[in-house]
Every structure is written in structure tokens, then in C-alpha cells.
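See below for the structure under consideration.
What follows draws every value from the coordinates through simple rules; no lab data is involved. Because the structure is a prediction, the values reported are computed rather than measured. Positions of Cβ are backbone-derived with ideal geometry, glycine not excepted, and every protein chain shown enters the neighbour counts.
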Amino acid sequence: MLDDELLSTHLQELRRGTVVLACLLILRRPNYGYALLDLLDRRGFAVDANTLYPLLRRLEKQGLLTSDWNTGEARPRKFYRTSGRGVALADTLSRDWDELDTALRTLKGES
Amino acid sequence: MTTASTLTDRYVDAALRHLPARQRPDIERELRASIADAVEDRLDAGGEPAEAELAVLTGLGDPARLAAGYADRPLHLIGPALYLGYTRLLTALLVTVVPAAAAIVGLMRGLRGDVTVARLIGDVLGAALTAGVHLAFWTTLVFVIIERTATARRAATRPWTPAALPEPPSRRARYGELITQSVALVLFTTFILLSPTATTRTDAHGDPVGILSPRLWESGVVYLFIAMVIVALGFSFAKHYLRWSVPLAVAGSLADIAPAVTLIWLAVTDRVLNPAFAEAAGWSPGVPRWITTGLVAVSAVSLLHTVTEGITRARHR
């Protein structure tokens, strides 16, 4: 049996880049930090708040997300949206993921 | 709710303190909204306000860590890209400069005379410690700054190539050096030990007058010096046959430095040549001075060689 620490280390390594792709895909429809955190959690992409919030800023700085303050509601919230560049990156990453998936299936079929 | 809101205020303040001023208003607004959203979510699920706030802030973790994430700052002093270069340079400096600094201080104190042996050893150890602490501190500081400067970091991290591999020590060439050193030692020792009797000059009683000062024998310094040279030769063999290690490198550097420093000390204090011999040989006063200067120069070159070779060996181990 694998011990928990070893398992969580490897799972974390395997999932590291997937949060970015998930964000880019979800934010094709504008959303704000906490709602995104909740959505990711429910879709099975467990990520800490203190990782996600800085990540959103970084992606925005890289031009992959755009943001707007929504002050219409009682609580002003910063809404993020995947930019054109972000959509292009999401497509590339998705294709790469699919290729990896195919490659892994081939490997599993061979053994 | 007052105590709970104070807690959030303190958290947000603590996080913003580590951020550049122009980023603060936007991040503060967003962070407060995110915390409020999370607290609200917990309250909707039937939680206590104070407990909800506490749980949300606990979940966000150390505000300094969150701020480092926002500012894209590393949470380490020296990262993996620079670490090897850092340890290599630091080791190379420590194993060479520290013994050299200690030797030079020992020489200066010894030259001034009128110090006890215990005091001298204390000064030398103090100098070694000071030199080591300074080297470690300043080297670390430079690397910490490089780590935090994007352009410097790119310049400092060159891709590794096989050309940087340690040179296989050409055993034959090195062996030649060792043989030369051994032969030189035998000739040199023979010359020193025979010099009081096998000489070209005699005094008024017909007794031989050696070229080297008789005080060297009276004080036993000559035997100490020969012992140092033999120890240095021993370390040359050790360095040839053993793998590089910090203790060996430090001991080897010290063993090389000790006879050179001793010789400088003897030459500068006029304890090498026998004045009676110079007189008997009819030397002009300039001759002993030139010999003394030559001895100091040779020793200084040997010291320099020890330091440069030590650095090269430490870097290419």
C-alpha cells in the first residue's frame, strides 16, 4: 500500500499544471475569485485559495486573462475572463493533454 | 462582529505590507471581497461568524506567503539554479582564502615579535574565523541579490556542458611533479644540514663558517622548517592519491603555506644568513639584502600558487 504522503506528493506533481488549464476553460465565462475556487473544487481540481488568487493575477499579467471590477452588486468583485491569447493557450494545452492521454492509453494497452 | 473584522483587517494589513504600494489598493479590494465571500459561504452553511472568519483566514495561511505569491517573489534565499554555483564558489574561497588570511596575520604578528605563542595562536584563529564569516556572508549576500534580479540570474546561470567536468588528473604529469618535489626536498635538506661544516670559509681559528645563521640551529627553527617542508610534501602525495575533500584541502593549503610564511618571517627578520659568513666572504652589504629579497619573493610566489591552485582544485573537484 502507498503511504499517504508519497501518494499526495505524486498526485500533486501530476496535477500541477492542470489548474491553469481548468481556470482558462472555466473563465471563458467571466467569474470572480471565490466562485472560481468553489467551481474548481466541485469539478475535482482541489486548489488552495492562497495559490489560486496569486495565480489569477499572474495569468492576467501574462495577458491570458482580462479583468473588470463589477461594482453593480452590494460587494464589488473582480471578474476575470479568458482573453484571446488565453483561449489559444487553452486549446494548445488541451490538445497536449489529449495527446498525453492517448500516449498513456497506448502504454497501458502494451503492458 | 467587531473582533472578527479586526482579525480580517489585521490579516489584510499584514499581507499588503509585503507588496509594492501601487498594487495594494486593487489587491486589498479583491482580497477583502474573497474573504467576505468565503465567510458568507460558511455562515450560509450554519457556522458561527467568529469561527467562520477564523477558519477562512487559517485556510489562507501566512499572509507573508500569500503576498510573496502576489508579488511573484521566491520563498528561498538561493534557488536550485544558482545553488551549485554558490556552494562551489564558497567552498573554493573558504579552503584557500581562510588559511591564507590566517597565515598572513600570523606572519604580521610574528614579525612584530613580543607576542606569546598562546596570543599568536588566538590571533590566527580569530583571523581565520573573521575571514570565514566575511566570505560566507558576502558570498551569500551577492547570490541572494542575483537570485532576486531577473537579468543577473539569467546571466549567472549558464547551461552546463561536459567541458565543465573535472579534469582526470593526468597521473603521469602529477607524478613527475611529485618526484621533482621529493628530489628538491632531499637536495635542499642536505644543503641545509651540511652547510655549517661543508663551507668555503673558515674563521680565525680555522673553524668552518656556515652560510646560514647559527641561531637557526640554536633555536631549533631549522629542524621545524625541514619538518614543515616534509609535511607539505606528504600532503602533495595525499592530494595525489586521495579524493578531494574539505579537510584535506584545508590541511594541504596550511601545509603549503606554513613553510612559505616561516621563510618570509626568517628572511624579513634577518635570521637566515650568517653575518660572519658575509664578512668572511667579503660581501658588500647589498648582497645579503638581495638574497633576502629573493627568498621573500620566492615564498610570496609559492603562497600565490597555493591559493590559485587551491581554488582551481576546489572548483574542478
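Peptide A:44-57 has a mean shielding of 4, counted as Cβ atoms of other protein chains within 10 Å of each residue's Cβ. For the peptide B:20-32, the mean number of other protein chain Cβ atoms found within 10 angstrom of a residue's Cβ is 2.
Within the listed set B:89, B:194, B:120, the residue fluctuating most in the Gaussian network model of chain B (springs between alpha-carbon atoms under 10 angstrom) is B:194.
Taken residue by residue and averaged, Cβ atoms of other chains lying within 10 Å of the Cβ of A:4-11 number 0.
For segment B:2-71, what is the convex hull (Cα atoms) projected area averaged across all directions, in square nanometres? Averaged projected hull area, Cα only: 4.3 nm². Divide the volume of the convex hull around the Cα atoms of segment A:18-110 by the residue count and you get 101 Å³ per residue.
Per the Debye formula with a single identical scatterer at each Cα and no solvent contribution, what log10 I(q)/I(0) holds for segment B:191-315 at q = 0.16, 0.23 Å⁻¹? Reported log10 I(q)/I(0), two decimals: -0.84, -1.31. Report note on the peptides A:82-89, B:183-190: ranked by the mean count of other C-beta atoms within 10 Å, highest first, their order is A:82-89, B:183-190.
Convex hull volume of the C-alpha atoms in segment B:80-162, normalised per residue: 103 Å³.
According to the calculation over all Cα-Cα pairs in the protein assembly as shown, the P(r) per 20 Å bin from zero is 17, 32, 22, 18, 9, 1 %.
Counting only whole DSSP H helices of chain A, the ones at least 15 Å long by C-alpha along their axis and with mean Kyte-Doolittle hydropathy no lower than -1.0 are A:4-15, A:49-61, A:84-110. Each stretch of four or more DSSP H residues adds -39500 (n - 2.57); spread over every residue of chain A, this sum gives -20500 deg cm²/dmol at 222 nm. The ratio of the alpha-carbon radius of gyration of chain B to the globular-protein estimate 2.2 N^0.38 Å is 1.67. Using helices alone, what [θ] at 222 nm do you get for chain B, with -39,500 (n - 2.57) per DSSP H run of 4 or more residues, divided over all residues and rounded to the nearest 500? The helix-only estimate for chain B comes to -25500 deg cm²/dmol at 222 nm.
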